[in-house]
Amino acid sequence: MSADHRRVQLIMALRKQGIRDLRVLDAIERIPRDLFVEQPFLEDAWSDQSLPIACGQTISQPFVVAFMTQALRLGERMKVLEVGTGSGYQTAILSCLARRVYSVERFRSLLRGAEERFRMLHLHNITTMAADGTRGWPRQAPFERIIVTAAAKEVPRPLINQLADGGIMVIPVEVHPGRQEIQRIVRSENRLEIEGLLPVRFVPLLEGMPPEA
């Protein structure tokens, strides 16, 4: 089965699972997921499953990427913060839908690989930084949208503080030991509206920077 056929099958599967945002579906169809997976898993690049990447991390299941992106309710003029660049796949999807994407990754080697992929795809509206993502990106705040691609024990206060009034954050949170859910947080003046959306399983959101060569 060709990659193009698998791509079409994936889009059809996402529609059946409730992904209705045509802009999100178009972005997933346009961005070549096979560029973001490791060589041993190329055969599964267009399968609806998460796959391992370097540094003990994963590239998320396409449904979860589509679901979280749709939950952001992105507008094309928005500025987005992504915490956890990873392979860069989610970042690339966001870049198709927003004016500017700022992405933070704690593993420098992962970030270098993602940056190379962005260059190959001529994605010029992405700015990256190697840093502790739990601290966000204060110099570029506020952000109209924030997406976090690792599960937090609790929502980091710096990210809440960097969310614009009326802004939306989508983040996996460990609500009970061993149980995570995607939450959508809407900031309205001094109030936060929190909505649980979907049970998931993500790698943990960690503070600090790892010791890397």
Quick check on LEU110: is it touching a helix residue (DSSP H, G or I) at 6+ places or on another chain (Cβ under 9 Å), more than 22 Å from GLU189 (Cα to Cα) and of a type in the set (A, V, I, L, M)?
yes
Scan the range 88-97 residue by residue and report those that are more than 10 Å from the chain's Cα centre (by Cα) and buried (at least 23 other Cβ atoms within 10 Å of the Cβ).
SER95
Quick one: MET68 ticks every box in (1) in a helix (DSSP H, G or I); (2) surrounded by fewer than 21 Cβ atoms within 10 Å (Cβ to Cβ) bar one, so which box is it?
(2)
Residue that is more than 20 Å from ALA54 (Cβ to Cβ) and over 15 Å from the mean Cα position of the chain (by Cα), where the choices are GLN183, GLN162
GLN162
Regarding the range 150-165, can at least one residue be identified that is in a helix (DSSP H, G or I) and within 23 Å of SER87 (Cα to Cα)?
yes
Taking the residues in the range 180-208 that are of a type in the set (A, V, I, L, M), in a loop (DSSP other than H, G, I, E, B) and buried (at least 17 other Cβ atoms within 10 Å of the Cβ) as candidates, determine which candidate is modelled with the lowest pLDDT.
VAL203
Got a number for residues in the range 23-62 being surrounded by 18 or more Cβ atoms within 10 Å (Cβ to Cβ), part of a helix (DSSP H, G or I) and of a type in the set (A, V, I, L, M)?
4
Residue check for LEU81: of a type outside the set (Lys, Arg), modelled with pLDDT of 95 or more, assigned to a loop (DSSP other than H, G, I, E, B) and surrounded by 22 or more Cβ atoms within 10 Å (Cβ to Cβ):
no
Quick one: is ARG117 touching a residue at least 24 places away in the same chain (Cβ under 8 Å), outside any helix (DSSP H, G or I) and of a type in the set (Lys, Arg)?
no
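Table: residues versus (1) at pLDDT below 95; (2) surrounded by 12 or more Cβ atoms within 10 Å (Cβ to Cβ); (3) touching a Phe, Trp or Tyr at 6+ places or on another chain (Cβ under 9 Å).
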{"site": "LEU111", "(1), (2), (3)": "no, yes, no"}
{"site": "ARG145", "(1), (2), (3)": "no, yes, no"}
{"site": "GLY178", "(1), (2), (3)": "yes, no, no"}
{"site": "PRO210", "(1), (2), (3)": "yes, no, yes"}
If we keep only residues of the range 2-22 that are assigned to a helix (DSSP H, G or I) and among the small types (Gly, Ala, Ser), then the residue farthest from TRP46 (Cα to Cα) is ALA13
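Let's see how each residue does on (1) under 26 Å from LEU205 (Cβ atoms); (2) hydroxyl-bearing (Ser, Thr, Tyr); (3) touching a helix residue (DSSP H, G or I) at 6+ places or on another chain (Cβ under 8 Å); (4) without any contact (Cβ under 8 Å) to a residue 60 or more places away in the chain:
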residue: ASP4; (1), (2), (3), (4): no, no, no, yes
residue: TRP46; (1), (2), (3), (4): no, no, yes, yes
residue: PRO62; (1), (2), (3), (4): yes, no, yes, yes
residue: ALA71; (1), (2), (3), (4): yes, no, no, no
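Give the residue, chosen from GLN57, GLN49, GLN17, GLN70, that is of a type in the set (S, T, N, Q) and more than 17 Å from the chain's Cα centre (by Cα).
Among GLN57, GLN49, GLN17, GLN70, only GLN17 is of a type in the set (S, T, N, Q) and more than 17 Å from the chain's Cα centre (by Cα).
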Selected residue [under 16 Å from the mean Cα position of the chain (by Cα) and on the phi > 0 side of the Ramachandran plot] from GLY136, GLY208, GLY178:
GLY136
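The values are calculated or read from the model by the stated rules, or taken from the named source; none is laboratory data. Computed from a prediction, not measured in an experiment: that's the story for all the values here. So basically every Cβ, Gly included, is an ideal-geometry build from the backbone, and we count neighbours across all protein chains shown.
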